[in-house]
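Asker: Quick one: structure below, then a few questions.
The values are calculated or read from the model by the stated rules, or taken from the named source; none is laboratory data. From a predicted model like this one, the values you see are computed outputs, not experimental measurements. With ideal geometry, Cβ positions are generated from the backbone for all residues, glycine too; neighbour counts draw on all protein chains shown. Ligands, DNA and RNA are excluded from the accessible area calculation, which covers all protein heavy atoms including side chains. Shrake-Rupley method; radii C 1.70, N 1.55, O 1.52, S 1.80 Å.
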Amino acid sequence: METRLDPMKDDLPLMANTGYMLVKHYILDLDVDFKSKVIEGIIVLFFETGNGYRKTSGTGKECCQSQFDETCKMRASEPCHIPVTNVLTCSSETEYSDFALCGKGEEDASDKNGNHSNEEQASGISSSKDCCDIESNGNKDFLLVLDCCDLSVLKVEEVDVTAVSGIEKFTSAKLTDVSKGLENLRNQIVHELVTLPADRWKEQLCYFTRCSQAPGCGELLFTTGPWSLEIRKSGIRTPTDFPHAIRIWYKTRPEGRSVTWTTDQSGRPCVYTMGSPINNRALFPCQEPPVALSTWQASVRTAASFVVLMSGENSAEPVQLREGVLSWYYYVTMPMPASTFTIAVGCWQEVKQQSFTAATQTNIEFSLPSSQADFRWCGEICGHVEYPCRFQNPATRLQAVIPYRVFAPCCLVERCEERLLRLIPQCLSAAYTTLGTHPFSRLDVLIVPSNFSSLGMASPHIIFLSQSVLPGGSHLCGTRLCHEIAHAWFGLAIGARDWTEEWISEGFATFLEDLFWARAQQVRSSREEERSQDTKQFFAFKTGKNEVQNSEEELQVLRPKKESTGELSGSGASVVKHGLKAEKIFMQVHYLKGYFLLRSLARTIGEASYLASLRKFVHKFHGQLVLSQDFLCMLLEDIPEQKESGLTVESIFQNWLDTSGIPKVNTKYHGTRVASSSLKKHYGFELQVTKWIQTNQRIRKSGKKKRKQDEVVFQKLLPDQLVLLLESLLEEKTLCPRILQCLEKTYQLREQDAEVIH
């Protein structure tokens, strides 16, 4: 089997052989059990043959796997008789009972490590590496490899999609024509289904659901390893002939690393995906590599007291299956990596919008980008695979504020109502003003449990926020909300083709949060905005400098694979370099170094031209995976004069992306060496710092006796100024207790936001 990797030292393996077979659609049918802390159910996967596979002809020549003739496709769109909004009701009691019989009712065949397998597989599967040798070893069965970890797989079978009523419309051959072979016929049906035009997405989801409930037509052999699930069908030697629709019975384990079982701030049980380094492979068997873009549907059943939130594009309404049990149904039609799938089940309470909030939302002032030329490419054909795209819809292109909801534990509802609800429409509108069309149709915001290790996390249609953003003023809450909203464009709608290039997501979001927040506050003064940006750059540089001094150099490189970035093996398997390094989870180098690079480019090119290029990049590459050079090449093509000054893709790689540390290129102008003293002096802030230092020295010299002349009037400060003051005072050798008391009294430190308190 696979070699066990040290989770504290090694890279994260992406085992799925996406070069041979690609998942195009998942259907999950799950039960959440809080007593056993297990999620159990069925997942059905629909595949296409991967681009990396080349079928060898009888003469030994290689030829591409042919696509089916266009005449095989459906001639007319026939209405689907199962309403999409009620697809969850398709999980009939018969099917649910079948699951209980085939899954829960089977004798546990787990080995001593808790891995399940069927009895016949042992002699046929020796290593996950075998799947890479199918072209040179034609006598071996083809091995489908999925990413899988901390799961108990109970059963795997082929799905007989030919048994679905009305499915004959998806093939040019009659179902009674056995000359084509039922295996080929089933795969042809799946091919036709996954390639339906985008305007027939409702019909497509309906037939996906029907196919997922079709009977099985034979169990498949499988084995589980530390990082993968390996599946084969005896006698099938090529991906083309391997079943393109398979059903897997499985259950998670309480210790599984993709979800966390805990209690919320009100003491009620909950479970959620908290952004694990291993992503979702301990939640369901999947293909983790970013290239495996897929859509999905999910029905989740749980006790009636719980609310199920997911990264689906619909706002699900629960359906009662029986007394005390509700079912929630979500779906997505935009192909996304499996790592973006998100679920949170808990006793969440929706924070209802009051009349003042509705008024705030409808009266927000916003403006489109100043130059209409910025949107000249809107009418062009999108470059992504076909799906119902919001960038091609005139109505959604004018939607400044998408529908949103807020959920929280009951004890935090009032605070969310006071703080969070007012900010969301402002931040959404500011993001729209900056980048244009929102890539996703709606947004849920959830205040997650206190064990959440970050301030926020963005997924399609849902954002997780820490409770730490709620206290104090609006600054921390607003900037973090803007950061996560920015990920809708950079990180989700536009993803990194190689996960080692995290800066494409985090660097852009860190850069854009400043712009969004300034516009959300309707900052009119360019000097005020410049002050805010320079203050942030000072702290960002200080944080980055400390991190550089106390971390391994190889972890500071934004493009650690250099020229090999984005390359995959023939099978599609790869690794995420340093993906399992424990310390990497808490590092900010991809945020800060990426931020400094983008600020450097913006100041070199000019803010207006730079933002125009950002909007162009969004419209050209949304719905696609990119590498660093995709952005840099497009940016420099728009400003060819920069090449004369030596600003090239190669120089950016050399100075920023392929080396450790923080670059020393034009550091004074680009703010990466903003000295604390010059920053304070530049904004008239030096006087306040001097007052506090002198007062501290005077009190220390005078002893404990309080004197009238010790009383000094201090200026009120904004949160970022206050943090800068505290950072400056920490540089003093000694601070007397009276100064600390005075600081608390003057600035009400305990009532400030989390950054000030820290």
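Asker: Just the residues that are at pLDDT 85 or above, open to solvent by 60 Å² or more (accessible area, probe 1.4 Å) and either more than 30 Å from Tyr387 (Cβ to Cβ) or not assigned by the TED database to the domain that holds Arg397 (or both), please, taken from the stretch 618-653.
Answerer: Glu650
Asker: Sort out which residues of the stretch 721-746 are buried (at least 18 other Cβ atoms within 10 Å of the Cβ), touching a Lys or Arg at 6+ places or on another chain (Cβ under 8 Å) and under 25 Å from Gln467 (Cα atoms), and write them in order of number.
Answerer: If the condition is that a residue be buried (at least 18 other Cβ atoms within 10 Å of the Cβ), touching a Lys or Arg at 6+ places or on another chain (Cβ under 8 Å) and under 25 Å from Gln467 (Cα atoms), then Leu724 is the only one that fits.
Asker: Right, something else. Do we have Ala612 as in contact with a Pro (Cβ under 8 Å, 6 or more places away or on another chain), in the same structural domain as Thr565 (by the TED database) and either farther than 19 Å from Gln537 by Cα or modelled with pLDDT of 95 or more (or both) here?
Answerer: Answer is yes for this residue.
Asker: Mind listing whichever residues of the stretch 187-220 are buried (at least 19 other Cβ atoms within 10 Å of the Cβ), within 15 Å of His244 (Cα to Cα) and among the hydrophobic types (A, V, I, L, M, F, W, C)?
Answerer: Correct list: Ile189, Val190, Leu193, Val194, Phe208, Cys211, Ala214, Leu220.
Asker: Give the residue, chosen from Tyr330, Tyr272, that is free of Cβ contacts under 8 Å to residues at least 40 places away in the same chain and hydroxyl-bearing (Ser, Thr, Tyr).
Answerer: From the options Tyr330, Tyr272, the qualifying one is Tyr330.
Each row is one residue, and each column tells you yes or no for (1) touching a Pro at 6+ places or on another chain (Cβ under 9 Å); (2) farther than 21 Å from Glu751 by Cα; (3) in contact (Cβ under 8 Å) with a residue 60 or more places away in the chain.
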{"site": "Ile402", "(1), (2), (3)": "no, yes, no"}
{"site": "Ser441", "(1), (2), (3)": "yes, yes, yes"}
{"site": "Ala458", "(1), (2), (3)": "no, yes, no"}
{"site": "Ile462", "(1), (2), (3)": "no, yes, yes"}
{"site": "Val469", "(1), (2), (3)": "no, no, yes"}
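Asker: Residue by residue through the stretch 555-602, note down the ones that are over 22 Å from the mean Cα position of the chain (by Cα), basic (Lys, Arg) and open to solvent by 30 Å² or more (accessible area, probe 1.4 Å).
Answerer: Listed by number, the list holds a single entry, Lys562.
Asker: Then there is this: Of these, Thr500, Thr543, which one is assigned to a helix (DSSP H, G or I) and of a type in the set (S, T, N, Q)?
Answerer: Thr543
To keep it simple, each residue is scored yes or no on (1) at pLDDT 95 or above; (2) open to solvent by less than 40 Å² (accessible area, probe 1.4 Å); (3) assigned by the TED database to the domain that holds Ala509.
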site	(1), (2), (3)
Arg419	no, no, yes
Gln426	yes, no, yes
Ala431	yes, yes, yes
Leu443	yes, yes, yes
Pro449	yes, yes, yes
Leu455	no, no, yes
Phe464	yes, yes, yes
Ser474	no, no, yes
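Asker: Just the residues that are modelled with pLDDT under 75 and surrounded by 10 or more Cβ atoms within 10 Å (Cβ to Cβ), please, taken from the stretch 685-717.
Answerer: Phe685, Glu686, Lys706, Arg707, Asp710, Val712, Gln715
Asker: Could you tell me which residue of the stretch 603-617 is farthest from Gly383 (Cα to Cα), considering only residues that are open to solvent by less than 40 Å² (accessible area, probe 1.4 Å) and not β-branched (Val, Ile, Thr)?
Answerer: It comes out as Gly606.
Asker: So is Pro290 over 16 Å from the mean Cα position of the chain (by Cα) and touching a residue at least 60 places away in the same chain (Cβ under 8 Å) or not?
Answerer: Criteria not met by Pro290.
Asker: Working carefully through the options Gln265, Gln287, Gln213, find the one that is modelled with pLDDT of 95 or more and farther than 28 Å from Leu143 by Cβ.
Answerer: Only one candidate qualifies: Gln265.
Asker: Of the numbered conditions (1) open to solvent by less than 10 Å² (accessible area, probe 1.4 Å); (2) under 15 Å from Leu515 (Cα atoms), Arg480 fails exactly one; give the number of that condition.
Answerer: The single condition Arg480 does not satisfy is (1).
Asker: Assuming Leu193 fulfils every condition listed in (1) over 28 Å from Ala344 (Cβ atoms); (2) part of a loop (DSSP other than H, G, I, E, B) apart from one, which condition is it?
Answerer: Result: Leu193 fails condition (2) only.
Here's the yes/no breakdown for (1) assigned to a helix (DSSP H, G or I); (2) out of contact with any Lys or Arg (no Cβ under 7 Å at 6 or more places or on another chain); (3) under 26 Å from Arg268 (Cβ atoms):
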residue: Tyr432; (1), (2), (3): yes, yes, no
residue: Thr437; (1), (2), (3): no, no, no
residue: Asp444; (1), (2), (3): no, no, yes
residue: Phe452; (1), (2), (3): no, yes, yes
residue: Ala458; (1), (2), (3): no, yes, yes
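Asker: Within the stretch 537-554, count every residue that is aliphatic (A, V, I, L, M) and either more than 24 Å from the chain's Cα centre (by Cα) or open to solvent by 50 Å² or more (accessible area, probe 1.4 Å) (or both).
Answerer: 1
Asker: Could I ask something else about it? Which numbered condition in (1) without any contact (Cβ under 8 Å) to a residue 24 or more places away in the chain; (2) surrounded by fewer than 23 Cβ atoms within 10 Å (Cβ to Cβ); (3) within 25 Å of the chain's Cα centre (by Cα) is the only one that Arg497 fails?
Answerer: Only one criterion is unmet by Arg497, namely (1).
Asker: Separate question: What is the one condition in (1) in a loop (DSSP other than H, G, I, E, B); (2) modelled with pLDDT of 90 or more that Ala173 does not satisfy?
Answerer: (2)
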